[in-house]
Amino acid sequence: MNAQGKRSGETAREYAYRMIREQVISLELKPGEAFNDMEFAAKIGVSRTPVREAVIQLSEESRIIEIFPQRGMRIAPIDVELVEEARSLRVLLEKQIAGMCCEMATEEDIKWLQENVGLQEFYMENSRPEMVMQLDDEMHHKLFMICHRELTYGMCQKLAIHYDRIRSLSVNTVKDNTIIEDHRKIIQFIAEHKKENAMAQMEKHLSRWQLNEGKFRQEFPDYFK
């Protein structure tokens, strides 16, 4: 990976922040492993300073990177309490968002959501979990956009990183269409203006990781705190 991935107008610190965050969520930077800021800086083609600034920001806002003075840094192991805290926040917000979408989504919005889920299914069937994750993120973001709650979406993303690592494990290990079927049902209820159903399905959807926690711990014991 190199600096060609840097977006137009993005500062070196913003780029480093985004790349670290994306690689933490995708598990390319594994839970519990040491993090070397000099090596990462060379990997993405920036100097060490913006990487260190990004690390400090991530550590302060989400505790996803642990800093040990005079000893180094590591990617935080998966902390189930933080995962549950992030999940609870998402449930609190996204249940309401799903209900609001039942009143605010246009036919064009519904079509966009349906096409998005169709692509999720395509990439799941073709073993492209990174694309499934990207489309999943875009779908949930779209729901906030429909309700004109983009600032709220941005605020909850900081803590959501803990939950997002579990989502990544789900897509890469469980490999079934349950999550996608949840998305289909949520969108169907929104299209049919069934507010209570949409809200209930959203809560069920965001709670599925709990059913797979034992499987994750068995397969990846070193990932957990």
So which residues in the stretch 120-162 are among the aromatic types (Phe, Trp, Tyr) and touching a residue at least 24 places away in the same chain (Cβ under 8 Å), if there are any at all?
Phe144
Tell me, yes or no, whether the stretch 88-99 has at least one residue that is crowded, with 20+ Cβ neighbours inside 10 Å, of a type in the set (Val, Ile, Thr) and either outside the structural domain of Lys194 (by TED's automatic domain parsing) or in a loop (DSSP other than H, G, I, E, B) (or both).
no
Does the stretch 210-224 contain any residue that is touching a strand residue (DSSP E or B) at 6+ places or on another chain (Cβ under 8 Å), under 28 Å from Glu61 (Cα atoms) and not in a helix (DSSP H, G or I)?
yes
For Met133, state whether it is more than 25 Å from Phe224 (Cβ to Cβ) and either assigned by TED's automatic domain parsing to the domain that holds Gln188 or assigned to a helix (DSSP H, G or I) (or both).
no
In the stretch 146-159, which residues are farther than 29 Å from Ser59 by Cβ and either buried (at least 16 other Cβ atoms within 10 Å of the Cβ) or at pLDDT below 95 (or both)?
Ile146, Cys147
Just need a number here: residues in the stretch 60-87 that are part of a helix (DSSP H, G or I) and in contact (Cβ under 8 Å) with a residue 12 or more places away in the chain.
8
With His193, His141, His162 as the choices, which residue is crowded, with 17+ Cβ neighbours inside 10 Å and either over 21 Å from Ile64 (Cβ atoms) or not aromatic (Phe, Trp, Tyr) (or both)?
His162
Going through the stretch 205-225 in order, the residues found to be in contact with a helix residue (DSSP H, G or I) (Cβ under 8 Å, 6 or more places away or on another chain), loosely packed, with under 13 Cβ neighbours inside 10 Å and either acidic (Asp, Glu) or farther than 15 Å from Arg165 by Cα (or both) are Glu219
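The values are calculated or read from the model by the stated rules, or taken from the named source; none is laboratory data. All figures in this text were calculated on a predicted structure; none of them were measured in a lab. Cβ: placed from backbone, ideal geometry, glycine included. Neighbour counts: every protein chain shown.
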